[in-house]
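Quick notes on the structure that follows.
The values are calculated or read from the model by the stated rules, or taken from the named source; none is laboratory data. Bear in mind the structure is a predicted one, so any value in this text is a computation, not a measurement. Every residue, glycine as well, gets a Cβ built from its backbone with ideal geometry; the counts of neighbours run over all protein chains shown. The area values use the complete protein model at the heavy-atom level, side chains included, leaving out ligands, DNA and RNA. Shrake-Rupley method; radii C 1.70, N 1.55, O 1.52, S 1.80 Å.
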Amino acid sequence: MPEQLALVGALLQHDAPTTTAAYFEGAKVGLALPITAFTTLPNIPLAQLRRQFENFVTPRSYVFLDQPDRQAQLDWLLTQPCESLTILDWRKRYAALATLLQK
């Protein structure tokens, strides 16, 4: 339920519940995905990406690179040097979520 996601955002990220509720306004269902790990790629000039991939567009939301029309981009990005993987420990957050969702 989007109402619960507003509470989750407030609990875990200190988001204003009204902001999250406005984002999901009109939705009957919603989804929150925990980011449990991340890495950082080097800055790659936009002009280079556009030259290399004729279908490259600057993302304004999630772009799923594991789709056939984006596979070449994913393959190339996976060959780029990146920072060490950062792991986020969600155990305390999961416990807080369990408590919140039992209410």
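Of note:
- Cβ-Cβ under 6 Å pairs, at least 6 apart or on other chains, region 22-48 side open to solvent by 70 Å² or more (accessible area, probe 1.4 Å), far side modelled with pLDDT of 90 or more and among the β-branched types (Val, Ile, Thr): PHE38/THR86
- Listed by position, the helices (runs of 4 or more DSSP H) contained in the chain that have at least 1 residues being of a type in the set (Lys, Arg) are 46-52, 91-102.
- All positions within region 48-90 that are basic (Lys, Arg), at pLDDT 90 or above and closer than 28 Å to ALA32 by Cβ: ARG70
- Options ALA37, ALA16, ALA10; residue that is modelled with pLDDT of 90 or more, farther than 25 Å from LEU85 by Cβ and out of contact with any Gly (no Cβ under 6 Å at 6 or more places or on another chain): ALA16
- Within region 49-102, the set of residues being touching a residue at least 24 places away in the same chain (Cβ under 8 Å), loosely packed, with under 10 Cβ neighbours inside 10 Å and within 30 Å of GLY9 (Cβ to Cβ) comprises SER84, LEU85, ILE87.
- All positions within region 1-11 that are surrounded by 17 or more Cβ atoms within 10 Å (Cβ to Cβ), touching a residue at least 40 places away in the same chain (Cβ under 8 Å) and under 15 Å from LYS92 (Cα atoms): VAL8
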